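What follows is a set of notes on a single structure, which appears directly below.
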Amino acid sequence: MIEMKTPKAADVSTRTVRAGGRELFVAEAGQGAAVVLLHGGGPGATGLSNYSRNIDALAQRFRVIVPDLPGYGRSSKRVDGGDPFGFLAGSVRELLDELQIDRAHLVGNSYGGAAALRLALDTPERVDRLVLMGPGGIGTTRALPTEGLNRLLGYYGGDGPSREKLEKFIRQYLVFDGDAVPDDLIDLRYQASIDPEVVANPPLRRPSGLFALRTLWRMDFTRDRRLRELQTPTLVVWGTEDKVNRPGGGPKLAKTLPNCTLLEVPQTGHWVQWERAELFNDAVLRFLGDA
């Protein structure tokens with residue numbers, strides 16, 4: 001199974017850490033300054049499967065920490081729908097506390113990117129550098145959702161989850177070259193996506209109820225005045241063919257964040273760290289190496 005493959009040159013250890021009253025499954029490799037890799041929010045996502053092509057390269061120079069975010073993989077299965085980005089950010093911060101890490105570099109894709117950015121906004125003293133790949137929450141209240149995001153959010157709706165729905169999302173919306181995704185990766189994610197606890201309480205869903213508008217507003221970072229004041233050095237990486245989060249979010253962040261570098265990757269979708277792993281690894285190593 002893809003999730004259990006370990007990097008060629010790095011020994012990966014796994015354990016479950018209790019942090020903030022939650023069980024978080026965590027993989028670790030390497031030594032040095034801490035780099036926390038936060039996965040995206042698609043159905044069946046996990047830390048190891050999302051970053052299977054990056055851990056080895058980064059672990060040559062850093063202590064790489066790869067959790068399953070709450071709601072995913074082998075971690076506890078509840079996310080606060082009233083403030084999901086804040087909830088995930090708080091969970092990561094509690095994990096750092098439990099691991100006795102005062103400051104870390106954060107690398108986040110999509111949902112994980114939103115969690116990383118929120119953590120930096122809430123407690124900038126805990127974050128050395130940020131790497132955000134197609135992060136969620138950039139201008140989301142200023143335009144209708146993309147078709148890819150609608151597919152993602154609708155996975156558990158209608159007739160419920162199915163392998164066919166997941167395969168269509170991954171091959172047609174998650175990546176630029178759908179044929180490059182192996183069947184066993186889709187199988188792995190599908191099995192994780194139909195965990196009964198996940199089906200009963202999906203970790204990523206449309207805000208609803210009395211306070212839905214407030215939740216939507218809170219989830220759009222372009223509405224947060226702190227964004228213009230955040231001094232954390234940030235590398236924003238965005239595939240130009242991203243069908244989940246609009247690539248226009250990259251220039252928007254580059255214009256707003258005071259200390260931001262933008263890397264736009266052509267012929268690449270929402271999963272830059274997997275689709276263009278070598279380019280991504282080199283860019284991140286250079287960026288973090290300047291710290």
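Summary table
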{"item": "Of [x] 17.6, 55; [y] 17.2, 51; [z] 17.2, 47, the label for Rg and Dmax of the Cα atoms in Å derived from the coordinates", "result": "[y]"}
{"item": "Relative contact order for the chain, counting Cα pairs under 8 Å that sit 6 or more residues apart, in percent", "result": "20 percent"}
{"item": "Three-way shape label, the stretch 93-223, alpha-carbon gyration tensor, a/c 1.5", "result": "prolate"}
{"item": "Antiparallel DSSP beta bridges within the chain, as percent of all bridges there, nearest 5", "result": "35 percent"}
{"item": "Filtered trypsin sites (Lys or Arg not before Pro), the stretch 127-157: DSSP coil and at most 14 other beta carbons within 10 Å", "result": "ARG142"}
{"item": "Tensor-based shape of the stretch 146-247 (alpha-carbon gyration tensor, a/c under 1.5 rounded, otherwise prolate or oblate)", "result": "oblate"}
{"item": "Global geometry of the stretch 56-167, whether rounded, prolate or oblate, following the gyration tensor of its Cα atoms and the 1.5 cut on a/c", "result": "prolate"}
{"item": "Helix-only [θ]222 nm of the chain, DSSP H runs n ≥ 4, -39500 (n - 2.57) each, per residue, nearest 500", "result": "-9000 deg cm²/dmol"}
{"item": "Surface accessible to a 1.4 Å probe, per residue, for the residues of the stretch 36-77, Å²", "result": "21 Å²"}
{"item": "Placed amide H near ALA19: partners under 5 Å, 5+ positions off or other chain", "result": "LEU24"}
{"item": "Spin-label zone in the stretch 126-156 - amide nitrogen under 17 Å from a point set 7 Å from the Cα of THR240 along the C-beta vector", "result": "134"}
{"item": "The stretch 205-291, accessible area per residue, ligands and nucleic acids excluded (1.4 Å, Å²)", "result": "54 Å²"}
{"item": "Whole-number D in µm²/s for the stretch 1-107 (Stokes-Einstein; Kirkwood sum over Cα pairs; 4 °C, 1.567 mPa s)", "result": "94 µm²/s"}
{"item": "Order of exposure, largest accessible area first, which applies to LEU38, LEU149, LEU144 with probe 1.4 Å", "result": "LEU144, LEU149, LEU38"}
{"item": "Reciprocal mean inverse distance between Cα atoms of the stretch 194-291 - Kirkwood radius, Å", "result": "15.9 Å"}
{"item": "Integer Hz, Karplus 6.51/-1.76/1.60 couplings in order for the stretch 81-95, x for Gly and Pro", "result": "x, x, 7, x, 5, x, 5, 5, 4, x, 5, 5, 4, 5, 5"}
{"item": "Contact order relative to length of the stretch 187-291, as percent, for alpha carbon pairs under 8 angstrom and 6 or more apart", "result": "21 percent"}
{"item": "Fraction of accessible area attributable to carbon and sulfur, the chain (%, probe 1.4 Å)", "result": "47 percent"}
{"item": "Computed magnitude of the charge dipole of the chain (debye, nearest 20; Cβ of K, R +1, Cβ of D, E -1)", "result": "820 debye"}
{"item": "Ordering of 72-80, 41-49 by packing [mean C-beta count within 10 Å, highest first]", "result": "41-49, 72-80"}
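The values are calculated or read from the model by the stated rules, or taken from the named source; none is laboratory data. This is a predicted model, so every value here is computed, not measured. Cβ sites come from the backbone with ideal geometry, for glycine too, and all protein chains shown count toward neighbours. These accessible areas exclude ligands, DNA and RNA; they are computed on the full protein's heavy atoms, side chains included. Shrake-Rupley method; radii C 1.70, N 1.55, O 1.52, S 1.80 Å.
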